[in-house]
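What follows is a short report on a single structure.
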Amino acid sequence: QVQLVESGGGLVQPGGSLRLSCAASGIIFSVYNMGWYRQAPGTQRELVARITSTGNTNYLDSVKGRFTISRDNAESTVYLQMSSLKPEDTGVYYCRGRLGSSDYWGQGTQVTVSS
């Protein structure tokens with residue numbers, strides 16, 4: 001069965017860094033478009049960054065220059081490197097994989113930015 005498993009979340013001080021990982025199984029990872037989303041309490045889930053199967057990327061305006069999405073097709077893993085973290089980056093971060101009508105989500109990993 002298909003699984004997307006996120007890891008790397010945690011508590012970090014403002015200005016700090018974290019790297020999230022999402023390991024995929026049960027899919028041909030290299031052909032999937034992958035994305036990272038986040039959801040803060042009381043808000044809608046929003047797209048943070050995505051990377052296509054061909055490596056094109058795009059980002060939420062508020063994270064441009066601070067976050068970098070990348071993928072390792074040999075490891076079936078997508079990463080989100082987050083730097084200069086702010087309290088407003090706090091939320092549950094979800095990995096998503098899409099190909100046509102196929103649409104899979106991970107269970108999420110909590111990121112808390114607080115002093």
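The values are calculated or read from the model by the stated rules, or taken from the named source; none is laboratory data. These figures come from a predicted structure and were not determined experimentally. Backbone-built Cβ (ideal geometry, glycine too); neighbour counts: all protein chains shown. Each accessible area value is taken on the protein alone, full model and side chains, heavy atoms only, with ligands, DNA and RNA left out. Shrake-Rupley method; radii C 1.70, N 1.55, O 1.52, S 1.80 Å.
Structure summary
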{"quantity": "Pair list, Cβ < 6 Å and 6+ apart or interchain, from the range 90-112 residues that are without any contact (Cβ under 8 Å) to a residue 60 or more places away in the chain and closer than 14 Å to Leu11 by Cβ to residues that are hydrophobic (A, V, I, L, M, F, W, C) and buried (at least 18 other Cβ atoms within 10 Å of the Cβ)", "calculated": "Thr90/Val113"}
{"quantity": "Any strands (runs of 3 or more DSSP E) falling wholly within the range 9-75 and containing at least 1 residues that are open to solvent by less than 50 Å² (accessible area, probe 1.4 Å)", "calculated": "10-12, 18-25, 33-39, 46-51, 67-72"}
{"quantity": "Top-ranked residue of the range 98-111 - restricted to ones that are of a type in the set (Ser, Thr, Tyr) and surrounded by 15 or more Cβ atoms within 10 Å (Cβ to Cβ), ranked as farthest from Thr43 (Cα to Cα)", "calculated": "Tyr104"}
{"quantity": "Count of residues meeting criterion [surrounded by 15 or more Cβ atoms within 10 Å (Cβ to Cβ) and under 19 Å from Gln39 (Cβ atoms)] in the range 76-97", "calculated": "13"}
